[in-house]
Amino acid sequence: DAGITQSPRYKITETGRQVTLMCHQTWSHSYMFWYRQDLGHGLRLIYYSAAADITDKGEVPDGYVVSRSKTENFPLTLESATRSQTSVYFCASSESGGRGPQHFGDGTRLSIL
Amino acid sequence: GNSVTQMEGPVTLSEEAFLTINCTYTATGYPSLFWYVQYPGEGLQLLLKATKADDKGSNKGFEATYRKETTSFHLEKGSVQVSDSAVYFCALTQSGGSYIPTFGRGTSLIVHP
């Protein structure tokens, strides 16, 4: 089925560990995005990508790393997890070269102990 | 920069009541406007969109009209159901330049039987 999938759906880890959240889309949309959603802050953009091998920082990039070697995949890595990175993370892609609506995955609920 | 302002929630209604969720925006040019809905435990889903002034987006009984003169895109539904309980996000994508969307903070809707 066409769509955007995130894995894992739930993750518990400890401070200082490295963790990677996966995102895969089947539409070949050029633009992809990573957001975090926290109570009181709404959606905040972490990183985005306009195409394979092109990434750029969003509003809250510190502590995160992304890569995009293939159009369909956009993994997000927390290099050394901190408690403040406990959140729900959403990946999204957008159609029409970025001008169109966004399609979101179901999110990864990440807890850092 | 761009901004989207939504009414704060939660909005609490009885089933079959009329719904309005206000959304105003600040942007240059002619942005595309969107409403998204987020059900508990899920990602955001596109509800409706409008791409130019005076366009009306509609879906599942919800409507919103792109008002350039008042820079607004208010969401309305004539008769809400319990199943409409969710968080609603207004968003825009700037025409031209970087296609990073701007989201409002979200408005929680609670519908009682």
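Key figures for this structure:
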{"item": "Long-range neighbours under 7 Å by Cβ, at least six apart or interchain, first residue within 22 Å of A:L43 (Cβ to Cβ) within region B:1-26, second surrounded by 11 or more Cβ atoms within 10 Å (Cβ to Cβ) and of a type in the set (F, W, Y)", "result": "B:S3/B:Y25; B:V4/B:Y25; B:V4/B:F103; B:I21/B:Y88; B:C23/B:F73; B:Y25/B:F73"}
{"item": "Test: residue in region A:10-23 that is within 12 Å of chain B (Cβ to nearest Cβ), out of contact with any Pro (no Cβ under 9 Å at 6 or more places or on another chain) and exposed (fewer than 13 other Cβ atoms within 10 Å of the Cβ)", "result": "yes"}
{"item": "Scope region B:67-108; condition among the hydrophobic types (A, V, I, L, M, F, W, C) and surrounded by fewer than 17 Cβ atoms within 10 Å (Cβ to Cβ); matching residues", "result": "B:V82"}
{"item": "Elements of type strands (runs of 3 or more DSSP E) contained in region A:28-113, each with 1 or more residues being without any contact (Cβ under 8 Å) to a residue 24 or more places away in the chain and within 12 Å of chain B (Cβ to nearest Cβ)", "result": "A:42-51, A:54-57"}
{"item": "Output for region A:82-97, where each listed residue is over 13 Å from the mean Cα position of the chain (by Cα) and surrounded by fewer than 22 Cβ atoms within 10 Å (Cβ to Cβ)", "result": "A:T82, A:R83, A:S84, A:T86, A:E95, A:S96, A:G97"}
{"item": "All positions within region A:24-45 that are modelled with pLDDT under 95, buried (at least 20 other Cβ atoms within 10 Å of the Cβ) and over 18 Å from B:T102 (Cβ atoms)", "result": "A:H29"}
{"item": "Evaluation of B:I110 against (1) touching a strand residue (DSSP E or B) at 6+ places or on another chain (Cβ under 6 Å); (2) closer than 16 Å to B:W35 by Cα (one fails), failing number", "result": "(2)"}
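The values are calculated or read from the model by the stated rules, or taken from the named source; none is laboratory data. Remember, predicted model here, so these are calculated numbers, not experimental data. Glycine gets a Cβ as well: all are built from the backbone with ideal geometry, and neighbour counts include every protein chain shown.
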